[in-house]
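The values are calculated or read from the model by the stated rules, or taken from the named source; none is laboratory data. All of these numbers come straight from a predicted model, not from anything done at the bench. All Cβ positions, even for glycine, are placed from backbone atoms using ideal geometry, and neighbour counts span all protein chains on display.
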There are 2 protein chains.
Amino acid sequence: LESGAFIQVRRMLNSLPAPDVAHVIESSPPKTRAVIWRLIDIEREGEILPYLNDEIESQFLRNMDSEELLTITEGLEADDVADILQQLPDRVIREVLQLMDKQDRQRVEHVLSYPEDTAGGMMNTDAITVRAKTPLEVVLRYLRRHEELPEMTDNLIVVNRRDEYIGQLPLRKVLVSDPNITVREIMVTDVDAIPASMDDGEVATLFERNDWVSAPVIDEQGKLIGRITIDDVVDVIREDADHSLMSLAGLDEDEDTFAPVLQTAPRRAMWLGINLLTAFLASSVINMFEGTIDKVVALAILMPIVASMGGIAGTQTLTVVIRGMALGQVGSNNSGWLINKEFLVGIINGLCWSMIVAVAVTLWFDDTLIGMIIAGAMVINLVTAGLAGAVIPIALRRLNIDPALAGGVVLTTVTDVVGFMSFLGLATFFYM
Amino acid sequence: LESGAFIQVRRMLNSLPAPDVAHVIESSPPKTRAVIWRLIDIEREGEILPYLNDEIESQFLRNMDSEELLTITEGLEADDVADILQQLPDRVIREVLQLMDKQDRQRVEHVLSYPEDTAGGMMNTDAITVRAKTPLEVVLRYLRRHEELPEMTDNLIVVNRRDEYIGQLPLRKVLVSDPNITVREIMVTDVDAIPASMDDGEVATLFERNDWVSAPVIDEQGKLIGRITIDDVVDVIREDADHSLMSLAGLDEDEDTFAPVLQTAPRRAMWLGINLLTAFLASSVINMFEGTIDKVVALAILMPIVASMGGIAGTQTLTVVIRGMALGQVGSNNSGWLINKEFLVGIINGLCWSMIVAVAVTLWFDDTLIGMIIAGAMVINLVTAGLAGAVIPIALRRLNIDPALAGGVVLTTVTDVVGFMSFLGLATFFYM
């Protein structure tokens, strides 16, 4: 590229909105990314970073010194600064914090003191507070002293003189009310503030259920410490939904689609290794029936059908249950009903498809016995699959193991082993 | 249950917020649902319906007559009414519309005239408009004439006298500005309005990228016809994310976790049937090598390993690509790079794991040749899996077939067929 073209690209990049630049970077292969990043003005880098996938973000951050880090965090919201710092080694975090002015440092340290995946880690410290006894007229005058209200300010927050949360004052009520009444007369007090320790998934559920744009956050003493806005909640919703999808394939939800080959290969290798162990387990089951297969070679031809149908049926149940768990629908009060349901679905579909398979196989090999054997094995395996698909994630969650990540492996191990065992076992019984 | 308990449950249900009641219903088995629904006051049913899963919603709706439908739609926003009506037969829609008063009917008809999954179908008609030349003081007086501003009103919308969209007036600027200036001086004009025909997924991307709370919607003539709010966008984000997860298992994203057995079984059966066909295809490949298996029974024991490792590797690639597509990262400009990358990852992991498998199998069967054969087959199948996992979704999308739904079946067919063919083919070549 000649320098003229570079200047044009740079101009274009720096005129695009930050989220669009982030999207261009995420959709580019690694080498292009490095070039693009170098073309972006350092003052804009901080604005762009929060929109990037965590993995790419930390790559860029790793190459910066504390001075550069200070420059890019200037003007960012406290939660975004905290997100950036959390990706760095402790030593660098301390250096950057020391370079900040006192007010900024305190704000960021406050957010940093809560884990990233809690309400405290998601919050901003830009809430505008008012007191209940203030007349609206004074509130309006107070607002006019601001140069601009923080983005996503739909409510002012009402606190008492100990800074404890009392209620919210919706701007949409302020604007339609008589300026002479006080905050108390129109404030909303039936919405609870969010405790800083609440898990981010729960925060997202609250926002989704109640259609909030922002919500106040309090510490254990009930003191107002910040507020959470819907844009950060949307990110959590997106990540949680991606988590189930990616984990079922043994992938991290932050997986970068365009990561370099040498970074992707070792990560995927781990998962392949785990699955290799389960595949060997299945093979050793087949090995137990070597003699039978040696005598009836049709068994070798047909055995993948039984295992694969079980795998499919089990995966369907597993996916539904994991999604239900992610949405908070599946709990101890209804998991019994759910397991029972999937058991019955397994029986119905097992009976239905095993009959069709029995006819097809009987015609193919001109042997009624093998048709009956595969039908029996399929009923056993589809019922097992339905049960396993429901029981495994519920059991894993009780053991505090991520059901989306571990569920798939455990399930296919069960359906493979039971599939081969039932088919070859029945065959051994009837043929040998 | 005795009637005393019923009254208590009813009181509790009717005091819970609508989204919580919806959650209780969704988390309950079918019979409990019917009981809960009967306990809810009819005036509240309309409020609860929009929070329910589409499937459950249409079940409840099917049992209502037009009078009841009119009652429950009263007081709802136009887009929620449209969503409810869209689930009903045309005859019932017409009946309900005729029962409405003229203004409501026009509003709902307007939204109904756009497909449900477009900006037009998502919008509400409750935007507050102002003219550019108006002084802020007059705007404030005009607002005060409202009893309450619509929820999620963060901007007033500036239109000209032909009702064409010009810009937005953020309330957070109105509140800090001198009342004597005009709308024109502080309005924001660099944000484009959303065309009514825009796909809902694109709308969601715009909201996510730009951190909007609401956005104006225009028709083809540039006339303002409504606005979209973030709460409806969050629903789209949730549904789109669920779509990939559920489709990969052949399920609908609206699948109801607690649907009755007799409703779930036939739905799942279809997918099992499709997979049965691909399983038979794989079996017929094995059948081609009957003679070889008959001679070397170890092949029957080991062949599932090759197929299953290919399936795992392919699913990982497929999942990453499908997620990348859903996020709009994968396009024609970078799909070549991506296919190439997954090909290389396949080679690396193929070589790495095939060596380990070669050693393990050689030791197990005390036969170097079979170790070499399985290693060769695994390299072939893992490379094929990487390529197929990337090419299949990209090709399916070009053909306008949903890659998440069809991708999994096509992929496992490829990895099964190639896995069995390469392993048994190589074995036939060396042993026969």
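Results, tabulated for the structure shown:
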item: Residues satisfying the stated conditions in the stretch B:234-267, i.e. crowded, with 19+ Cβ neighbours inside 10 Å, in contact (Cβ under 8 Å) with a residue 12 or more places away in the chain and either more than 8 Å from chain A (Cβ to nearest Cβ) or more than 14 Å from the chain's Cα centre (by Cα) (or both); result: B:Val236, B:His243, B:Ser247, B:Asp256, B:Thr257, B:Phe258, B:Ala259
item: Whichever residue in the stretch B:312-327 is at the interface with another protein chain (Cβ under 7 Å from one of its Cβ atoms) and closer than 17 Å to A:Ser28 by Cα and, among such residues, is surrounded by the most Cβ atoms within 10 Å (Cβ to Cβ); result: B:Val320
item: Matching option when the condition is in the same structural domain as A:Ala18 (by TED's automatic domain parsing), over 24 Å from the mean Cα position of the chain (by Cα) and in contact (Cβ under 8 Å) with a residue 24 or more places away in the chain, among A:Glu68, A:Glu47; result: A:Glu68
item: Residue in the stretch A:180-191 that is within 27 Å of A:Gly324 (Cα to Cα), within 14 Å of chain B (Cβ to nearest Cβ) and of a type in the set (Asp, Glu) present; result: no
item: Residue selected from the stretch A:273-293 under the condition within 7 Å of chain B (Cβ to nearest Cβ) and buried (at least 21 other Cβ atoms within 10 Å of the Cβ), by the criterion farthest from B:Ile312 (Cα to Cα); result: A:Ile293
item: Unmet criterion (only one of (1) in contact (Cβ under 8 Å) with a residue 40 or more places away in the chain; (2) surrounded by fewer than 21 Cβ atoms within 10 Å (Cβ to Cβ)) for A:Ala78; result: (2)
item: Condition check for A:Val139: among the β-branched types (Val, Ile, Thr) and not in a loop (DSSP other than H, G, I, E, B); result: yes
item: In the stretch A:202-260, residue modelled with the lowest pLDDT [restricted to those that are in contact with a Leu (Cβ under 9 Å, 6 or more places away or on another chain) and small (Gly, Ala, Ser)]; result: A:Ala241
item: Selection from the stretch A:105-124 of residues that are buried (at least 18 other Cβ atoms within 10 Å of the Cβ) and over 13 Å from A:Asp232 (Cβ atoms); result: A:Arg107, A:Val108, A:His110, A:Leu112, A:Tyr114
item: Residue satisfying condition, being crowded, with 24+ Cβ neighbours inside 10 Å, farther than 18 Å from B:Arg267 by Cα and not basic (Lys, Arg), within set A:Ser308, A:Ser335; result: A:Ser308
item: Lone unmet requirement of (1) in contact with a helix residue (DSSP H, G or I) (Cβ under 7 Å, 6 or more places away or on another chain); (2) without any contact (Cβ under 8 Å) to a residue 24 or more places away in the chain for A:Val213; result: (2)
item: Filter result for the condition that a residue is over 20 Å from B:Val174 (Cβ atoms), without any contact (Cβ under 8 Å) to a residue 60 or more places away in the chain and hydrophobic (A, V, I, L, M, F, W, C), over A:Ala119, A:Ala132; result: A:Ala132
item: Complete set of residues in the stretch B:217-233 that are of a type outside the set (Val, Ile, Thr), surrounded by fewer than 24 Cβ atoms within 10 Å (Cβ to Cβ) and more than 7 Å from chain A (Cβ to nearest Cβ); result: B:Asp219, B:Glu220, B:Gln221, B:Gly222, B:Lys223, B:Leu224
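To keep it simple, each residue is scored yes or no on (1) farther than 30 Å from B:Asp178 by Cβ; (2) within 14 Å of another protein chain (Cβ to nearest Cβ).
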| position | (1), (2) |
| --- | --- |
| A:Ile93 | yes, no |
| A:Gln103 | no, no |
| A:Val111 | yes, no |
| A:Asn155 | no, yes |
